[in-house]
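Have a look at this one before I ask anything.
The values are calculated or read from the model by the stated rules, or taken from the named source; none is laboratory data. Fair warning: this is a prediction, and the values are worked out from it, not measured in the lab. Virtual Cβ from ideal backbone geometry, glycine too; neighbours counted across all protein chains shown. We work out accessible area using only protein heavy atoms, side chains counted, and drop any ligands, DNA or RNA first. Shrake-Rupley method; radii C 1.70, N 1.55, O 1.52, S 1.80 Å.
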Amino acid sequence: MNKALNSDQDTPLRLGGHEVPPVLELNAAGNSPFLLTCDHYGRLIPEMLGDLGLPESERTRHIAWDIGIAGVAEQMATALGAHLVAQRYSRLVIDCNRPPEAVSAIPLISEATTVPGNDGLSHEAKARRRELFFDPYHRRIDDVIDARRARGQATVLVSLHSFTPVYAGIARPWHIGTLYQHDRQLPPLLLQGLRAEAGLVVGDNEPYAVSDATDYTIPVHGEKRGLMNTGIEIRQDLITDVSGQTEWAERLVRVFAEIEVTLKAQGLIP
Ligand SMILES: [Zn+2]
């Protein structure tokens, strides 16, 4: 870790020419009304930040990213013909689903782990992380929604996440949860569809609810723009390997295909 980068006088953070950009997209021309986002898709750390002072065991666990969701998101995008916009860098660098001014956006402590590379950051160092990772991702989602509007394509925002089965010592019983704040159209349909699947423990705003203070993608891109929206959280132990990711992607594709039919029948999308 290069701690010197934390102070204003040092070289500003940048990505090397061989490092991938933060935004990953699949199916940009997809016709589906569902726009998939994945804030915690990846766990890359820019080379200039080294390992953030963390061992690999910390950089690969849930505090760094949403384990398993990348495979689910990609398979869903492909099967639904849906546009996926995802962010490749670790949420330990900057959390793309937190208001950037929130203290937890660049966490000094995540669960019980202290992140040395996030200690004592200058205002400039924090702003630079936002410019490099947070802003391009959210600007892209904004632009995608604008472009869909301009061509008359409906947008139903689906924000994909995964959650750790045990957090701070507490086991979580749900297999999957829907997450929302103000939308009263899409989350009930999703809950109904998931509860019709055999043997699932489905969380209604569990293990979290969405709020303006703790979330960004749904409040800003979904609610402020008047889009139907929901978050989805899948328990990580169910999607650790490819077969689990496929099983869950297929299940969600089935459920969302039915939701699309319902939304059309209700005249909520063309
Ligand atoms: Zn997440």
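Region 156-188 to region 55-78: how many Å between their Cα centroids?
When both Cα centres are located, 15 Å separates them.
Let me ask you something else. Over the chain, with the other protein chains present, what is the accessible area per residue in square angstrom, probe 1.4 angstrom?
43 Å²
Could you work out how far apart the two model spin labels at Asn205 and Arg148 are, taking each label as a point 7 Å from the Cα in the direction of the beta carbon, and quote it in nm?
Simple spin-label model gives 2.4 nm for this pair.
Can you pull the percent of the chain's accessible area that's carbon plus sulfur, 1.4 Å probe, other chains left in place?
52 percent
For the chain, what are the DSSP H helices with axial Cα length of 18 Å or more and mean Kyte-Doolittle hydropathy of at least -0.5?
What comes out of the filter, once short or polar helices are dropped, is 242-265.
Among Ala257, Ala86, Ala196, which one shows the biggest mean-square fluctuation in a GNM of the chain, springs joining Cα atoms closer than 10 Å?
Among Ala257, Ala86, Ala196, the largest mean-square fluctuation in the Gaussian network model of the chain belongs to Ala196.
Could you give the nm distance between label points at Leu268 and Ala127, where each point is 7 Å from its Cα heading toward the beta carbon?
Between Leu268 and Ala127, the label points sit 4.2 nm apart.
Here's another thing I want to ask about it. Given only helices, namely DSSP H runs of n ≥ 4 each adding -39500 (n - 2.57), what is the per-residue ellipticity at 222 nm of the chain, to the nearest 500 deg cm²/dmol?
Taking each H run of at least 4 residues, the total per residue is -8500 deg cm²/dmol.
What does the highest-first list of 60-67, 90-97, 168-175 look like by mean Cβ count within 10 Å?
The peptides rank, most packed first, as 90-97, 60-67, 168-175.
Under a crude label model (7 Å from the Cα following the beta-carbon direction), how far is Val261 from Ala196 in nanometres?
Spacing of the two 7 Å Cα→Cβ label points: 0.7 nm.
Probe radius 1.4 Å, ligands and nucleic acids left out: which of Glu247, Glu258, Glu74, Glu233 has the largest accessible area, and how do the rest follow?
From most exposed to least exposed: Glu258, Glu247, Glu74, Glu233.
Using per-residue counts of other Cβ atoms within 10 Å, averaged over each peptide, order 159-167, 27-35 from highest down.
With the highest mean Cβ count within 10 Å placed first, the list reads 159-167, 27-35.
Using a/c under 1.5 as the rounded threshold, could you call region 51-136 rounded, prolate or oblate? The axes a ≥ b ≥ c are square roots of the C-alpha gyration tensor eigenvalues, and prolate needs a/b larger than b/c, oblate otherwise.
In terms of gyration-tensor shape, oblate.
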